[in-house]
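The values are calculated or read from the model by the stated rules, or taken from the named source; none is laboratory data. Only a predicted model underlies this, so the values are computations on that prediction, with no experimental measurement involved. Cβ atoms come from the backbone with ideal geometry, glycine included; neighbour counts cover every protein chain shown.
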Amino acid sequence: MPDFYLSHHAAWGAYASFVLGTIGKGGGFALSDVHSPQRSVYVAYRQGQEAVRVLPFLTAPIGMGELAFQAEADGQARQAVAVQMVSADELERELGWASDEWRHGPLRLRLLSPFGDVPAPGSDEAAMKQAVCPVVLAELELDNRNGGAPAELLFALEGINRPLSDSTQGQLLGVASGSAWGVAALPGKGVEEVQDFDVIGATFGERRPRVRRLGNTGGVMLTVGAGEVGRLVLALGTYQAGIITTGLDTRFYYTRYFGKLEEAMSFALENAGEYREEARLRDAELAASGLSSERRFLLAHATHGYLASTQLLLREDGSPLWVVNEGEYRMMNTLDLTVDQLFWELRYHPWTTGNVLDLFVERYSFTDEVKHSGERRAGGLSFTHDMGVANVFAPPGQSAYETENLDGCFSHMTFEELTNWVLSATLYGLLSDIPWLRAQTGRLQACLDSLLARDVDGDGVMDADSARTEGGAEITTYDSLDASLGQARGNLYLAVKTWASLVCLEHALRVLGLDGRRAGERAGRAARRITEGFDEQRGYIPALLEGGSDACIIPAIEALAYPLLLGLNEAVSEEGPYGALVSSLRRHLGTALQPGVCLDAESGGWKLSSTSHNTWLSKIFLCQFVAEELFGVPVNPAWDAAHVRWQQLGSAAHGPTDQVRSDDGRDLGSRLYPRLVTSVLWLPRRGGAHDRTSASPQELQRAT
């Protein structure tokens with residue numbers, strides 16, 4: 001059943017989503033989290049005297065709640081409503097970039113989560129209000145043109161406790177759970193509220209009234225006349241009021257425009273046409289992108305997950321604060337995700353990247369010492385791994401993740417976070433905000449000093465750990481993989497990332513009219529050191545340059561994306577000053593993309609490391625972009641099909657999942673993850689399509 005994977009439907013910046021997609025596990029609203037609450041979602045309809053058809057998104061038998069509470073205390077016999085659960089194979093589903101559509105016979109359900117360009121705060125208040133409204137839309141359509149009698153349609157949720165008509169004097173019809181979330185429709189012909197223990201009986205049975213305030217399930221129903229097509233537009237809204245973070249007091253930015261849940265839902269319904277058009281444009285854009293169906297799905301699935309983790313906050317001084325929460329882990333602005341998610345943000349709202357980088361400087365930067373051969377020496381400027389977790393900002397200079405005296409998961413990532421800030425700052429500044437970059441001049445030079453201080457022997461490769469590790473050692477973002485990608489010192493992946501940071505720094509300093517020669521000289525040394533590591537017998541560069549792992553790793557090419565996107569064509573050319581490095585990485589990739597090396601023998605999907613079955617899709621997408629854009633590796637439908645199966649089958653119950661087993665796609669971690677939007681790199685950049693060369697994996701292999 002490949003169509004039954006969990007998906008999020010989220011408004012930008014609201015850190016809340018409506019979750020639906022898996023059979024028998026319900027869904028519902030998740031607030032300040034991304035996990036499904038697994039409450040029953042009722043989507044049902046009846047034509048004439050037929051049985052009520054209910055889509056399979058329930059978690060409990062129909063009617064059990066009322067029977068257990070009331071036990072027919074009124075002494076009246078009740079006529080049972082004939083109900084038929086729709087089986088999975090009767091449903092059709094199509095996931096769009098900003099939509100999710102389900103079809104069964106005459107019924108169509110569309111969930112819309114539109115997104116697009118978001119202006120910087122203060123530049124366009126009307127556009128910002130529309131962007132941050134914490135509501136997604138549901139559109140239901142019931143075709144009763146062939147019916148000889150009225151038909152009924154229902155959308156309802158478990159967990160509600162009040163009808164909306166009470167608080168809106170009938171201006172909205174629907175239900176809510178306190179002030180936190182609700183479902184609303186505008187009044188109209190055939191539109192009614194429903195609230196009961198047995199929402200099916202209240203909707204499709206003969207008993208009245210339809211609203212019983214003791215009931216914990218409810219929604220909106222529509223009666224459709226014979227020979228008509230009935231349409232119901234619903235606002236699925238959330239609202240989190242007041243101070244919602246600790247450590248640094250903030251509230252949601254949308255509270256500037258909406259005083260309560262009802263106001264947000266009313267606004268969304270009044271502007272439903274504009275939201276619908278924005279969703280249509282995004283869906284049409286993806287459909288016309290030229291991407292394969294597999295890549296269209298992977299990008300759409302990723303986008304739904306990313307939006308669910310986004311959070312735009314308002315500080316006490318009235319300034320905005322942007323957070324992307326780390327999926328199921330809920331860490332706030334993890335810097336080794338920021339550096340990859342910026343590909344998305346530079347496309348739609350680049351100011352958010354600058355906002356995050358500024359907060360790292362303001363609150364989550366520090367100056368440390370490094371340790372090498374038992375000695376301590378000056379280190380320099382660096383940054384924490386994250387800003388906190390679960391709406392709790394960490395104290396200044398600290399993260400929620402990093403711990404001393406470890407050399408694996410949860411140790412410090414000081415050096416990699418330094419490269420991440422450098423790469424993020426140079427791309428954001430050079431591509432979107434030169435004045436901001438100019439204001440960072442001293443900081444960029446301090447970052448260069450810090451990079452050089454952590455390379456004690458001067459070969460361009462990090463060899464000194466932050467003293468913050470105490471008796472431990474630094475790790476990389478690949479914290480849960482083996483030494484081939486987890487260890488920081490002498491790591492090939494991190495060495496190329498260091499080279500890329502130095503290349504981008506040199507360019508940025510030159511653009512600012514400063515001397516970038518120190519960065520360029522050390523980049524040359526790094527390139528030579530990496531190139532010297534090429535093993536002619538194996539046909540690749542081993543994962544650890546100093547020994548300790550003979551693995552072949554695909555992420556050796558990952559960081560080439562950054563100079564490539566800056567248009568530093570000479571730096572990534574085999575005829576340029578770093579030609580030997582680029583040629584070595586081409587040959588390395590040719591070996592990696594062979595079955596039994598970094599192609600899984602069972603699934604055909606990409607393994608990041610030849611020695612680990614733990615593989616990460618967000619990084620696969622990024623490396624696919626580099627492989628195709630720079631080295632001319634053609635798009636391979638079999639690879640993409642394997643990656644789709646991992647999401648739709650192996651990790652279907654968890655929604656967008658990053659870490660999976662390479663043989664079957666079973667989830668291993670990083671569930672409900674935002675970083676999967678690295679897949680946006682597949683799209684033509686605004687202003688023109690990617691140029692591609694034509695080398696095949698076989699030609700890459702022959703080059704070895």
Filtering the stretch 129-182 down to residues that are in a strand (DSSP E or B), under 28 Å from the mean Cα position of the chain (by Cα) and farther than 27 Å from residue 95 by Cβ yields 176
Within the stretch 493-509, restricting to residues that are among the hydrophobic types (A, V, I, L, M, F, W, C) and out of contact with any Gly (no Cβ under 9 Å at 6 or more places or on another chain), the one that is farthest from residue 529 (Cα to Cα) is 504
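Just give me the residues in the stretch 654-682 being in a helix (DSSP H, G or I) and hydrophobic (A, V, I, L, M, F, W, C), in sequence order. Give the steps one after another, and end with the answer.
Quick first cut of the stretch 654-682, residues in a helix (DSSP H, G or I) only: 654, 675-682.
676, 677, 680, 681, 682, listed by residue number.
Any chance you could count how many residues in the stretch 99-122 are out of contact with any strand residue (DSSP E or B) (no Cβ under 6 Å at 6 or more places or on another chain), at pLDDT 95 or above and assigned to a loop (DSSP other than H, G, I, E, B)?
Filtering the stretch 99-122 down to residues out of contact with any strand residue (DSSP E or B) (no Cβ under 6 Å at 6 or more places or on another chain) leaves 104-105, 114-120, 122.
Still in the running and at pLDDT 95 or above: 104-105, 114-120.
Filter again for assigned to a loop (DSSP other than H, G, I, E, B), leaving 105, 114-120.
Residues in the stretch 99-122 being out of contact with any strand residue (DSSP E or B) (no Cβ under 6 Å at 6 or more places or on another chain), at pLDDT 95 or above and assigned to a loop (DSSP other than H, G, I, E, B): 8 in total.
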Note on residue 348: of the conditions (1) in contact with a Gly (Cβ under 7 Å, 6 or more places away or on another chain); (2) surrounded by 18 or more Cβ atoms within 10 Å (Cβ to Cβ), unmet is (2)
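Residue 617 - would you say it is crowded, with 24+ Cβ neighbours inside 10 Å, within 13 Å of residue 298 (Cα to Cα) and in contact (Cβ under 8 Å) with a residue 12 or more places away in the chain?
Details: crowded, with 24+ Cβ neighbours inside 10 Å: yes; within 13 Å of residue 298 (Cα to Cα): yes; in contact (Cβ under 8 Å) with a residue 12 or more places away in the chain: yes.
When the stated conditions are applied, residue 617 passes them.
Please work out which residue is surrounded by the fewest Cβ atoms within 10 Å (Cβ to Cβ), limiting yourself to the stretch 482-500 and to residues that are outside any helix (DSSP H, G or I) and in contact with a strand residue (DSSP E or B) (Cβ under 6 Å, 6 or more places away or on another chain). Let's see the steps before the verdict.
We begin by selecting, within the stretch 482-500, every residue outside any helix (DSSP H, G or I); these are 482, 487-491.
Narrowing the set further to residues that are in contact with a strand residue (DSSP E or B) (Cβ under 6 Å, 6 or more places away or on another chain) leaves 488, 490.
Values: 488: 26, 490: 21.
By that ranking, first place goes to 490.
Just to be sure, is residue 164 touching a Ser or Thr at 6+ places or on another chain (Cβ under 9 Å) and of a type outside the set (Asp, Glu)?
When the stated conditions are applied, residue 164 does not pass them.
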Flagged in the stretch 1-18 as part of a strand (DSSP E or B) and under 14 Å from the mean Cα position of the chain (by Cα), in numbering order, are 7, 8, 9, 10, 14, 16, 17
Of the residues in the stretch 593-611 that are buried (at least 20 other Cβ atoms within 10 Å of the Cβ) and among the small types (Gly, Ala, Ser), the one that is farthest from the chain's Cα centre (by Cα) is 610
* To do: With the condition kept exactly as written, say whether any residue in the stretch 420-432 is closer than 15 Å to residue 491 by Cβ and surrounded by 17 or more Cβ atoms within 10 Å (Cβ to Cβ).
  => yes
Residue hits (the stretch 560-581; over 20 Å from residue 343 (Cβ atoms), touching a residue at least 40 places away in the same chain (Cβ under 8 Å) and either surrounded by 22 or more Cβ atoms within 10 Å (Cβ to Cβ) or acidic (Asp, Glu) (or both)) are 578, 581
